[in-house]
Amino acid sequence: MKRLSARTVSRLKVLLFVAALVPLARLAAGAFLYPEWLGPNPAEYITRSTGDWTLRWLLLTLAVTPARRILGWNWLLRLRRMLGLFAFFYALVHFSSYVSFDHVFEVAEILKDIAKRPFITVGAASLLLLLPLALTSTNAMVRRLGARRWQALHRLVYFIAPLGVLHFWWMVKRDITEPALYALLVAILLGYRLRARWRERRVGGLTRART
């Protein structure tokens, strides 16, 4: 595919930024203007919706590398940072809705709930693991940490995505269809990376053997 110009990529970033805020804007409109959008339990709907979008942005972030390699769209790398930051943003909104709606900012009750319920524990751990990735997402932090250490740190996303799915799976009480679908997609995206890594090592081993 023809290489995209810097201006085109900038326009795509703007479109992505606007599109990423649409789900949040819809929730805000439902809260203040159209309460019927949020159903009979608005607090639960907001918490569930922001959790869903957290997983979706994580999946899109993980999909960048396979899509780039398969389709040859190297410009996707320029969007990956924003995708990851929106995953963190929606995770933060998700946790904030849980803190405010479920426990009304009662810190002691929140900590007790995190320690008592496994799916809350896993969700809180996922958010904590996302935090250093968000804080080190700038070019300045890449230079400060060094490319190798920065890449090693950001491989935490390979653990965060399965933890996010596990959080969802344990939260669901009956129908596991949706978390199972997320689990399948995460398995495919991580499996692609494992296969690519294995092939690289195999090719590297054959090259060394011939020399």
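Some observations on this one:
- Expected 222 nm ellipticity per residue - DSSP helices of 4 or more, -39500 (n - 2.57), all of the chain, to 500: -27500 deg cm²/dmol
- For region 13-21, putting each phi into the Karplus relation 6.51 cos²θ - 1.76 cosθ + 1.60 with θ = phi - 60° gives couplings of 4, 5, 4, 5, 4, 5, 4, 5, 8 Hz, in residue order, rounded to whole numbers and with x for Gly and Pro.
- Exposure here means at most 16 other Cβ atoms within 10 Å; with trypsin sites (Lys or Arg not before Pro) in a DSSP loop as sites, the longest stretch of the chain lacking them is 4-154.
- Note that region 166-173 has calculated 3J(HN,Hα) couplings of 4, 4, 5, 4, 5, 6, 5, 9 Hz, one per residue in order, obtained from phi through the Karplus relation 6.51 cos²θ - 1.76 cosθ + 1.60 (θ = phi - 60°); glycine and proline are x.
- Three principal axis extents describe the C-alpha atoms of the chain; from largest down they are 67, 41, 37 Å.
- Cβ-defined net charge surrounding K13, 10 Å radius [Lys, Arg +1; Asp, Glu -1]: +3
- Amide H to amide H, with H built 1.01 Å from N, S137 comes under 5 Å of no residue 5 or more places away or on another chain.
- Per residue, the convex hull spanned by the Cα atoms of region 98-144 measures out at 90 cubic angstrom.
- Computed from backbone phi with θ = phi - 60° and the Karplus coefficients 6.51, -1.76 and 1.60, the 3J(HN,Hα) list for region 91-96 is 5, 5, 5, 4, 5, 5 Hz; x is used for glycine and proline.
- Think of the chain as a dipole: +1 on every Lys or Arg Cβ, -1 on every Asp or Glu Cβ, centred on the Cα centre; then among G39, L181, P23, L181 lies furthest on the positive end.
Read-outs throughout are calculated quantities, based only on the coordinates presented, and are distinct from any laboratory measurement. The structure displayed is predicted, hence computed values, not measured ones. As a convention, Cβ positions derive from the backbone with ideal geometry for all residues, glycine included, and neighbour counts pool all protein chains shown.
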